[in-house]
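Everything below concerns the one structure shown next.
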Amino acid sequence: MPTNKKELRLHYKNLRKELSPDALEEKSLAIANNLIQLPIWNKTYYHVFLPIEEHKEVNTEYVLHLLSGKDKEIVVSKSDFETRGMSHFLLTDNTRIKKNEYNIPEPVNGLSVPSATIDVVFVPLLAFDLLGNRVGYGKGFYDKFLAECKPETVKIGLSFFEAEDKIEDVFESDVKLDYCVTPLKIYTF
């Protein structure tokens with residue numbers, strides 16, 4: 001079994017490619033249903049990634065419905081590939097979303113939200129381990145963003161697949177998750 005980030009990235013990208021559209025929707029809905037059990041619903045600002053459909057990411061539309069049903073402030077991001085930084089905007093009825101050159105749906109403009117204001121972050125990932133370490137696409141956007149958040153910000157990974165035992169090549173700058181939610185269970189770290 002793969003244990004380093006590079007191998008895990010490849011392995012889980014391939015597993016995702018095999019998911020049928022129906023399986024992807026079914027698993028995304030199961031993840032959203034499991035999220036309801038987490039003790040996080042007394043917060044205000046929730047950051048949600050908008051999925052890259054071409055990469056078969058978790059469909060966060062179900063999470064968005066959950067948040068708007070609970071009348072929460074929803075925050076979405078725009079990525080800057082030169083600085084590897086992210087800027088955050090309030091998602092409102094007036095927010096226009098447009099795909100960037102990497103097919104990432106992003107807000108065109110809107111009300112800016114500082115990282116330090118965000119209470120909960122739903123984190124995209126390819127793989128994670130039993131210690132709360134995650135493997136993303138390797139660009140470091142989320143590690144940089146999560147380091148800018150306040151220490152008590154709750155970090156929740158969303159994954160179609162279950163945990164690996166241990167990711168070998170973890171860096172000190174890698175920000176650990178507090179939870180990871182899969183279609184089958186909730187992991188707490």
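The values are calculated or read from the model by the stated rules, or taken from the named source; none is laboratory data. Remember, it's a predicted structure, so these values are computed and weren't measured experimentally. Note: ideal-geometry Cβ built from the backbone for every residue, glycine included; neighbour counts use all protein chains shown. Calculation scope for accessible area: heavy atoms of the full protein, side chains included, ligands and nucleic acids excluded. Shrake-Rupley method; radii C 1.70, N 1.55, O 1.52, S 1.80 Å.
For the range 1-156, the fraction of 1.4 Å probe accessible surface lying on carbon and sulfur atoms is 50 percent.
Loop-located GluC sites (Glu not before Pro) in the range 47-110 (DSSP state other than H, G, I, E, B) with a sparse environment of at most 15 neighbouring Cβ atoms within 10 Å: 82, 101.
Net charge near residue 68: determine it from the other residues with C-beta under 11 Å of the C-beta of residue 68, scoring Lys and Arg +1 and Asp and Glu -1. Spelling it out: positives minus negatives among the neighbours equals -2.
Assuming a viscosity of 1.567 mPa s and a temperature of 4 °C, what translational diffusion coefficient in µm² per second does Stokes-Einstein assign to the chain, Rh being the Kirkwood radius over Cα pairs? Stokes-Einstein gives a translational diffusion coefficient of 77 µm²/s.
First check a/c for the range 53-129, with a ≥ b ≥ c the square roots of the eigenvalues of its C-alpha gyration tensor; if it is under 1.5, answer rounded, and if not, answer prolate when a/b is larger than b/c or oblate otherwise. Rounded shape, in that the Cα axes give a/c under 1.5. Local charge for residue 187 was computed over the other residues whose Cβ lies under 10 Å away, with Lys and Arg +1 and Asp and Glu -1, and equals -2.
Counting heavy atoms of the protein chains only and a 1.4 Å probe, report the per residue accessible area for the range 4-65 as a whole number of Å².
55 Å²
By the scheme Lys and Arg +1, Asp and Glu -1, what is the net charge of all other residues having a beta-carbon under 14 Å from that of residue 133? Taking every Cβ under 14 Å from that of residue 133, the sum is -3. The lysine pair tally for the range 1-43, using Cα distances under 27 Å and a gap of 8 or more places or different chains, is 8.
Counting DSSP beta bridges in the range 9-150, what percent are antiparallel, to the nearest 5? Antiparallel bridges: around 70 percent, rounded to the nearest 5. Of the chymotrypsin sites (Phe, Trp or Tyr not before Pro) in the range 110-184, which ones lie in a loop per DSSP and count no more than 10 other C-beta atoms within 10 Å? Answer by residue number: 171.
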